[in-house]
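The values are calculated or read from the model by the stated rules, or taken from the named source; none is laboratory data. Since the structure is predicted, the reported quantities are computational estimates derived from the model, not experimental observations. Note: ideal-geometry Cβ built from the backbone for every residue, glycine included; neighbour counts use all protein chains shown.
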Amino acid sequence: MDTDLVTRAQRGDEEAFASLAVAVGDRLHAVAHRILRDIDLAEDATQQALLAIWQDLPQLRDPARFDAWSYRLLVRACYAEGRRSRHWTPNMRLLPSDEPMQADGSSAAVDRDQLERGFRRLSIDHRAVVVLHHYLDWPLDRIADTLGVPAGTVRSRLHHAMRGLRAALDADARPPAREVAQ
Amino acid sequence: MSADRDTTRIVRSWLLDGPTELPDRVLDALLDQLPATPQRRFTWWPARRLTTMNNAVKFGLAAAVVAVAALLGFNYLAASNVGGPGPGDPTPTPTLTPTPTPVPELGSRSNLEGRYLVPTDLPVDVTVELPAGSGWTGSDNWVTIGPKGNDAPDGMAIRFYTAGEQFNLFNNPLSASDGLLDPPVGPTVDDLVQAILSHPAWTATGPTGITIDGRAGQFVQLTIPLDADLRPSGNDQFLLFDNGSVGGQVWGWQPGQTHAIHIVDVDGERMIIEAFSYPGTSVEDLAAQQAVVDSVQFEPQP
């Protein structure tokens, strides 16, 4: 990130901030969408995060840490957006399916469908860790630093989240099932 | 280990799908806001939240009630047509067996009216009645939100969830990293009630014995302290419960927010019907909320 842009934006330079927003907007949005799994919520979260960045930029002491800091604000915005629509999802029932699973290449699509549902059952805390680690390829200590939580917490969240996703995939590996909640 | 690697590979591949560009209109809208949005200097980060409340929808029952009554009447008449042929009846003719109209799921839709199914992992179906025209909305098949939204100052909502074996309370509602109660909450309704009542982080009253659709339960009410500083949690969340298995959590998020918790014993499982509100929620809205809670029915699954 161009620290000069950050510094100018910190001083209230709207043009500099516009350049900054263009530079980071796409990747913030990509992460927000992967956490929230909803295009409208993701756009709202990204916009709120960018607005928060603008407002609080003067308080960022080290412009070189802009990237990590911006993701922290993005995840906070995702919490807020996620909370608008859900705070915890009850376990869903799985019943034997009437429809046989396709024997052709549709298993990948089924995986994705199962993953989508499994992922939506995770809290935003857990989703954020999965996305930062498996989408952005961040190491756990960087995630911990960004989110402001201990590395052990990040490890625990990732473990729980992946266990939940694996369970979602395993549910599909058993005799075909359909989810009746949707 | 190979299963772990496989899950990781699938998850990574799945995450690659999705948008990677922020639409220009979002950026434009953001930049339009800058001149009116002062930068904060040397102040603490304030909790900020979007409040996209539903527009208040006024109560108006007549038309839909008539429609529901007509439907119920039809079902009643059809259902009365049961029993074998009488002695003087000619050759039995096939009677039309009424097919029960499936109860729609709560889903995520607005302007709910009538009875809706709330999917749970219980061996019974849980349904709830939402008056026509009252403006309730569904959210993710497990929450129904009042006509003024679910946020302060005057919103309300009802959440439906089960408390399984791993259901537990946080040691510190402001910090998930402080862990869960150890030993964990026991498996009965009374165990959970006592855990809620004895938790020092909030004000709780009760218990009161209740019956919902013939099922016994307990009612307790907890209120987030008015002086609670939610900022340490990082996202102004007040952690109430954790379900353990997949990291699901139930939060509050506003000092003064009240959670009216009905814990019902459903064949040995704990079903929670949690109605939350704020100090600004009107008496009329609270009464409407209670009516929705009272409408809950538990029916064996077909």
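What to note about this one:
- Restricting B:Ile210, B:Ile196 to those that are within 21 Å of the chain's Cα centre (by Cα), outside any strand (DSSP E or B) and modelled with pLDDT of 95 or more reduces the list to B:Ile196.
- For the range B:5-16, the tally of residues that are more than 7 Å from chain A (Cβ to nearest Cβ) and hydrophobic (A, V, I, L, M, F, W, C) stands at 1.
- Count of residues meeting criterion [more than 7 Å from every other protein chain (Cβ to nearest Cβ) and either at pLDDT 90 or above or not in a helix (DSSP H, G or I) (or both)] in the range A:131-141: 7
- Selection status of A:Ala52, within 11 Å of chain B (Cβ to nearest Cβ), closer than 30 Å to A:Arg112 by Cβ and either out of contact with any strand residue (DSSP E or B) (no Cβ under 8 Å at 6 or more places or on another chain) or surrounded by fewer than 21 Cβ atoms within 10 Å (Cβ to Cβ) (or both): no
- Restricted to the range B:17-51, and to residues there that are assigned to a loop (DSSP other than H, G, I, E, B) and at pLDDT 90 or above, the residue that is farthest from the other protein chains (Cβ to nearest Cβ) is B:Pro23.
- Failed criterion for A:Leu57 (all others in (1) within 22 Å of B:Ala36 (Cα to Cα); (2) touching a residue at least 60 places away in the same chain (Cβ under 8 Å) hold): (2)
- Boolean, A:Arg34 is among the basic types (Lys, Arg) and either over 16 Å from the mean Cα position of the chain (by Cα) or not in a helix (DSSP H, G or I) (or both): no
- Filtered by the rule that a residue be closer than 15 Å to B:Ile263 by Cβ and not β-branched (Val, Ile, Thr), the range B:199-214 gives B:His199, B:Ala204, B:Gly206, B:Pro207, B:Gly209, B:Asp213.
- Pairs where the first residue, in the range A:148-170, is more than 8 Å from chain B (Cβ to nearest Cβ) and more than 15 Å from B:Arg9 (Cα to Cα) and the second is among the acidic types (Asp, Glu) and part of a helix (DSSP H, G or I), C-beta under 6 Å, 6+ apart: A:Ala151/A:Asp141
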